[in-house]
Amino acid sequence: MAWDLHKLFLRHANGITRSLRRRGLSEETAADITQDTFLRVLIAPPAENITNSNPAAYLYQVSRNLGINHQRRERLFDKIDSFDEAVANIADPFPLPDAVVYDRQRLRLTEAALAELPDRSRRAFELHRLGELTMSQVGQEIGLSTSRTWALIRDAYRHIVIRTSGL
């Protein structure tokens, strides 16, 4: 092959870069692919038995193929990056092991604190917090006024907070 790549580069490099830019590649990427085109032809020239009388057309074809390959890789990387982000954004429905241990310790302390309460206070607290009854409904259930029921539940809250504040 009797191609003078230096002269071909001087004559066609800008045109190849513009051609790649028209295909949607950035200025830097187009320039890199133009360089790669000439490097590819230098390293692996067309076969001697192939008569190629139009080196410019051959260079443009090589650059076009390299540009297509680049865009395919970019689309693949975009999909991979999107997949990684999607996977990272999936929330694990299970708590971390240390959170499980902490919550179990806190629950044991809360149970112990509830067991220490007088029966009426514990019952009022459980009806209000666990049974989701209003203060008035709790008062009717245990036979106390709303204000007295409120005081029992408030005192139960205080007791539980004091007993569980160690964690």
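The values are calculated or read from the model by the stated rules, or taken from the named source; none is laboratory data. No experiment lies behind these values; they were computed from the predicted model shown. Cβ sites come from the backbone with ideal geometry, for glycine too, and all protein chains shown count toward neighbours. Accessible surface areas use protein heavy atoms only, side chains included; no ligands, DNA or RNA. Shrake-Rupley method; radii C 1.70, N 1.55, O 1.52, S 1.80 Å.
Computed on protein heavy atoms with a 1.4 Å probe, the accessible areas place ARG11, ARG158 in the order ARG11, ARG158, largest first. The heavy atoms of HIS70 offer some 40 square angstrom of accessible surface to a 1.4 angstrom probe. With 10 Å bins beginning at zero, the pair-distance distribution over Cα atoms of the chain amounts to 9, 20, 13, 8, 6, 6, 8, 11, 11, 6, 1 %.
Taken as Cα centroids, segment 138-167 and segment 93-112 sit 23 Å apart, rounded to the nearest whole angstrom. As a length-normalised measure over Cα pairs under 8 Å and 6 or more apart, the relative contact order of the chain settles at 17 percent. At q = 0.11, 0.16, 0.20, 0.23 Å⁻¹ the log10 of I(q)/I(0) for segment 92-167 amounts to -0.34, -0.62, -0.81, -0.95, computed by Debye summation with a single uniform scatterer per C-alpha, solvent ignored. Probing with 1.4 Å while keeping every protein chain in the model, the per residue accessible area of the chain equals 72 Å².
Could you tell me what percent of the accessible area of the chain is made up of carbon and sulfur, with a 1.4 Å probe and every protein chain present?
Within the chain, the accessible surface is 54 percent carbon and sulfur.
Among PRO93, ALA113, PRO55, whose Cα projects farthest towards the positive end of the dipole of the chain, with charges put on the beta-carbon of Lys, Arg (+1) and Asp, Glu (-1)? Of PRO93, ALA113, PRO55, it is PRO55. Simple point charges give the picture: +1 on the Cβ of Lys and Arg, -1 on the Cβ of Asp and Glu, and for the chain a dipole about the Cα centre of about 320 debye.
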